[in-house]
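Below is one structure, written out as structure tokens, with a few remarks after it.
The values are calculated or read from the model by the stated rules, or taken from the named source; none is laboratory data. Bear in mind the structure is a predicted one, so any value in this text is a computation, not a measurement. Note that we place each Cβ from the backbone using ideal geometry, even for glycine, and neighbour counts take in every protein chain shown.
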Amino acid sequence: MAHRRFGHRFEGDWSEKELKDIYGDLISAVAIPVDIRIEGKHRVLDISRVDEILKGAKLIVLSDCGCRTDHRNCSSPLNVCISLDEEAESMLKSGRYNVREVTLDEARDAIKRAHEAGLVSMAYTLEGSEKISPICNCCSCCCHTLSGLVRFGIAKHVLSSDLISETDNESCTDCGICADRCQFGARKMINSEMAYDSDECFGCGLCVSTCPTAAINLIERS
């Protein structure tokens, strides 16, 4: 949980300059709730929208996460980052991070594996492009976007969400599973009770899919 504390640093961590340079190349980053049905139109992408994006791609490649490979601050799965079309071609040419061409089903499997491991699926739009790519599966200890937001507080102009989670307190048993899963630090256990800060929630759905009493769901941010 240390990496979810504001200001926490790892040895060999991102520098503030590195993060700001990276954000200069990003137009947007949004979280993707996996295997959760969401009604309405949102910038946060549900898995059905991700399927549309993947199906529309001419080329899909899968690679190891560059952030986790380079920074090694956790043992989360590596081979779960997806690039599409032009960026996929660039990745293949680079040969970096164990990149390989994959099928649609293999890409879907990567997203589901990452979700089960507690990673946040993120859809990025890069400067100079209107298309979504890459689709990464991120942790707050290694990923430039999540670490920049959670630990350094400097990525909110890049990361956005129209959804937040909502808890039915009568159904909640304070088991703590959602707090363990939350990469953003929005859910914490305080004196054996779950405390929730909606301002820190970005609607990724990691808490929703694993709540044993189905006490949590995603709603539109007011």
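Scanning the range 166-218 for residues that are part of a loop (DSSP other than H, G, I, E, B) and among the β-branched types (Val, Ile, Thr) yields Thr173, Val208, Thr210, Thr213. Scan the range 170-179 and tell me whether some residue there is under 12 Å from the mean Cα position of the chain (by Cα) and among the hydroxyl-bearing types (Ser, Thr, Tyr). Within the range 170-179, none of the residues are under 12 Å from the mean Cα position of the chain (by Cα) and among the hydroxyl-bearing types (Ser, Thr, Tyr). Residues in the range 101-123 that are among the hydroxyl-bearing types (Ser, Thr, Tyr), within 16 Å of Cys138 (Cα to Cα) and surrounded by fewer than 15 Cβ atoms within 10 Å (Cβ to Cβ): 0 in all. Checking the condition modelled with pLDDT of 90 or more, within 20 Å of Val208 (Cβ to Cβ) and under 18 Å from the mean Cα position of the chain (by Cα), which residue from Leu159, Leu45, Leu119, Leu78 passes? Exactly one of Leu159, Leu45, Leu119, Leu78 is modelled with pLDDT of 90 or more, within 20 Å of Val208 (Cβ to Cβ) and under 18 Å from the mean Cα position of the chain (by Cα), namely Leu119. Selection of the range 197-216 for residues being crowded, with 16+ Cβ neighbours inside 10 Å and either in contact with a Ser or Thr (Cβ under 6 Å, 6 or more places away or on another chain) or in the same structural domain as Val50 (by TED's automatic domain parsing) (or both) yields Cys201, Phe202, Gly203, Cys207, Ala215, Ile216. Tell me which residues, restricted to the range 93-128, are in contact with a Gly (Cβ under 9 Å, 6 or more places away or on another chain) and over 22 Å from Ala186 (Cα atoms). Those that are in contact with a Gly (Cβ under 9 Å, 6 or more places away or on another chain) and over 22 Å from Ala186 (Cα atoms): Arg96, Tyr97, Glu127. Inside the range 127-148, residues that are within 19 Å of Glu52 (Cα to Cα) and either surrounded by fewer than 22 Cβ atoms within 10 Å (Cβ to Cβ) or touching a helix residue (DSSP H, G or I) at 6+ places or on another chain (Cβ under 6 Å) (or both) make up a count of 7. Can you tell me which residue within the range 52-69, out of those that are touching a helix residue (DSSP H, G or I) at 6+ places or on another chain (Cβ under 7 Å) and assigned to a helix (DSSP H, G or I), is surrounded by the most Cβ atoms within 10 Å (Cβ to Cβ)? The residue in question is Cys67. Assess whether Gly118 counts as being touching a helix residue (DSSP H, G or I) at 6+ places or on another chain (Cβ under 7 Å) and outside any loop (DSSP other than H, G, I, E, B). In short, no.
Being assigned to a loop (DSSP other than H, G, I, E, B), hydrophobic (A, V, I, L, M, F, W, C) and more than 24 Å from Asp13 (Cα to Cα) is not true of Ala107.
Against the test of being buried (at least 22 other Cβ atoms within 10 Å of the Cβ), among the β-branched types (Val, Ile, Thr) and at pLDDT below 90, the options Ile27, Ile32 yield a single qualifying residue, Ile32.
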